[in-house]
Amino acid sequence: MLGEVTGRSLVSLVAKSGVCGLGLAWRSWSGVRGGIPRLVVEGSVIFVDSGVSGTRSCGDGKTCGRVLGLRLMATEIWRRDESLAGGYRRLAAMLSDVLAEQRVDAVLWRVAGTLRELIRCEDVVIWELVAPDALIVALVDGEDEQEMRSLRIRLGEGLTGAAALERAAVVSNDAHEDPRAGLVPETEPTPEAVVCMPLVGRGELLGVLSLYRRGDRRAFREEEVELVTHFADVAALALDNAKIRAELERLAATDDLTGLPNRRRFHEELAPALAAARRYGSPLSLLLLDLDDLKQINDSHGHEAGDEMLRTVADAIRMQLRESDLAARIGGDEFALLLPHTGRAAAGTLARRIQEALAALPTAPLTISASVGTATLTQRTGNLFAEADQRLYEAKRQASRQHTVRGGGAD
């Protein structure tokens, strides 16, 4: 029932029937005034304003106010539900991308961008665990990207660190007053709400998803937090899938006995190294190393002894290399060493140093020796690998049966 109101002359109706309530009031007022009223929206309140002052009696004797205020609670809830429904539809689409093995960075950017569209916030940050107790920023979508990019936090540090350490959601709608929170360097303290969701895959902590919202209406609603939780699950799944794929790719390119890269990985690295050396005119050398009498060791002492010999040789080679060098096991007893920015003389020196290191290993009663073929890229070089292989063949042919090792060098 509409009643006369003093002051702003407002009549507030709770529209229990949602939009229908607004429609009834709209038609009632139009019938009284004979015109179309104007809608004025202020927050969740919609005012119907005739644009004239005073009151007027309706035909049925009831008094109508100048303005009819309709607080559409049901309509507001309906709108929120529609937004959430849209969010879950987009969540399902992203899940399909994850299952289709889309690039993890693309999925994470979609997670962050979609959350910013669905939930008002200034920043969405995805943190990635890079050490047992450290998180770094994987991506930032928002206003404070530059300030956050360089951050590295420990587990338990700040709200994000707390979520990671406890592996539980942290929701702080007054983060600026929360004793657990820290201030991002080069930012000003301001009233802020923060939601932090741990990213966990197969029981393992992978990172944290954090949302930051400022202003007077900063508090995160329960349904918003729930939506963030589900998007965090998608982000965790994407990170976990990426980790699994990276591990599978590493295993596919690794020799399982020695832990060195295998033949496939070596040739994958050789092609771009050759291209870069030719383009920039930088030196590049290749060493092929073949163990002497490994078959005899296997026959006399068993394959376990031979396997241990290979592991020992691989470790000794690693100790002689720079970080930029690549050592790989490319055959049963054969190793390849790719040496960027290394000329002929330096390659020959390294070959001798490796031979000496192998001879000095405490492997009695077994002895370790190796033949080495070296090749260095020049303008006349056709196939660097074939050239090194030819030098290796010559070195093995000249090697004595008493485990004497000579290195073959490229001319």
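Bear in mind that the values in this text are calculations on the coordinates, not laboratory data. Everything quoted here is computed from the prediction, not taken from an experiment. Glycine also receives a Cβ, built like all others from the backbone with ideal geometry; neighbour counts cover every protein chain displayed.
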Taking the simple approach of a point 7 Å from Cα along Cα-to-Cβ for both Arg116 and Glu222, what is their distance in nm? 3.0
Write down, largest first, the equivalent ellipsoid semi-axes of segment 105-217 in whole Å, where each equals the square root of 5 times an eigenvalue of the alpha-carbon gyration tensor. 20, 17, 13
Sort 267-275, 156-164 for me by packing, meaning the mean count of neighbouring Cβ atoms within 10 Å per residue, highest on top. 156-164, 267-275
Ranked by how many other beta carbons lie within 10 Å on average, peptides 133-143, 317-327 from highest: 133-143, 317-327
Residue separation between Glu166 and His301 times 0.36 nm, minus their alpha-carbon distance, gives in nm 43.3 nm
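Please report Leu155, Leu165 as a ranked list, fewest other C-beta atoms within 10 angstrom at the top and most at the bottom.
Fewest to most other Cβ atoms nearby, the residues stand as Leu165, Leu155.
Once fully extended, how much extra length lies between Gln379 and Leu248, figured as 0.36 nm per residue of separation less the alpha-carbon to alpha-carbon distance?
Details: separation 131, 0.36 × 131 = 47.16 nm, distance 3.82 nm.
Result: 43.3 nm gained on full extension.
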Note the full-extension length gain between Gln320 and Arg202 as 0.36 nm times their separation in residues minus their Cα-Cα distance, in nm to one decimal. 38.6 nm
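State, as an integer percentage, the relative contact order of segment 274-411 based on alpha-carbon contacts under 8 Å between residues 6 or more apart. All intermediate terms of the calculation are to be shown ahead of the outcome.
Numbers: 219 pairs, mean separation 41.7, N = 138.
Relative contact order for segment 274-411 comes out at 30 percent.
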Using Cβ counts within 10 Å as a stand-in for footprinting exposure, how do Thr187, Thr258 rank, fewest first? Thr187, Thr258
Rg (Å, one decimal) plus Dmax (Å, integer) for the alpha carbons of segment 263-408? 15.2, 49
